[in-house]
Amino acid sequence: MNAFYTILLLVGSNIFMTFAWYGHLKLEEMKVISSWPLIGIIAMSWGIAFFEYALQIPANKMGYLGNGGSFSLMQLKVIQEVISISVFTVFTMVLFKNESLHWNHFAAFACLILAVYFVFLKP
């Protein structure tokens, strides 16, 4: 269950991260914050990123082998990267209709899956 909760927290964290990093682009496109100064957009993003950290830190603490978790640091990082690109892809496909997936994106995803495979191999 520890591994499950770690991954669940990482998914939640990456949802907040994606909105903190890229959500303002959609809000600008929708003319919601188009007149905001850059510092205002940064402050809004920091506010959203707080929730990313509120989930990411417990996920790493709970999931790390050194704390009784299921994953090494390398495994945690690779899992986080795969979750991050997966959340980003869904976010982009749902909110940005002018973006599309191409063969090279699928090839990159395959490489990420291979990264997960290799990081979990016993040395």
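Odds and ends about this structure:
- Reach of LYS97 by Cα under 19 Å, taken over lysines that are not fewer than 8 positions away in the same chain: LYS26, LYS31
- Cβ-based charge dipole, the chain, positive-most Cα from VAL87, LEU25, LEU73: LEU73
- Long hydrophobic helices in the chain, taken as whole DSSP H segments with a C-alpha length of 27 Å or more on their own axis and mean Kyte-Doolittle hydropathy at least -1.0: 2-29, 38-63, 73-95.
- Look at where the Cα atoms of segment 64-92 and of segment 7-32 average out, and the two centres are 17 Å apart.
- Global geometry of segment 2-119, whether rounded, prolate or oblate, following the gyration tensor of its Cα atoms and the 1.5 cut on a/c: oblate
- Reachable lysines, given that their alpha-carbon falls under 16 Å from the alpha-carbon of LYS77 and they are not under 8 places away in the same chain: LYS61
Taken together, the values in this text are just the output of simple stated rules run on the coordinates, not laboratory data. Remember, it's a predicted structure, so these values are computed and weren't measured experimentally. Cβ: placed from backbone, ideal geometry, glycine included. Neighbour counts: every protein chain shown.
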